[in-house]
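Read the figures in this text as sums done on the coordinates, not as results from a lab. Quick caveat: nothing in here was measured; it's all calculated off a predicted structure. As a convention, Cβ positions derive from the backbone with ideal geometry for all residues, glycine included, and neighbour counts pool all protein chains shown.
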Amino acid sequence: MASALTGVIRSTALRRRTAAATPNRAPASVAEPANKLTTIERRRILEILNSDRFVDQAPLEVYAQLLDEGIYVCSV
């Protein structure tokens, strides 16, 4: 009924009301994870993934193969 009187579709009116009620906030800063890899660790993992042995395999496949061999580099 109100949409017929005002000429504004109900969903549009609701969207505008919700947008007006939401204050503009600056995005919260994202904290770095405690277990973040160091530059040296990242470089080592990339060397393994880009090696001739694993060049055509997905990271999960490499991870599984290395675990089968008893080598743990990092978690997926």
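Of the residues 8, 73, 30, the one whose Cα sits farthest towards the positive end of the charge dipole of the chain is 8 (charges of +1 on Lys and Arg Cβ, -1 on Asp and Glu Cβ, taken about the Cα centre). Seen from all directions on average, the chain presents a Cα convex hull projection of 10.9 nm². Once the Cα-Cα distance is subtracted from the 0.36 nm per residue extended length, the residue 43 to residue 57 segment shows a gain of 3.3 nm.
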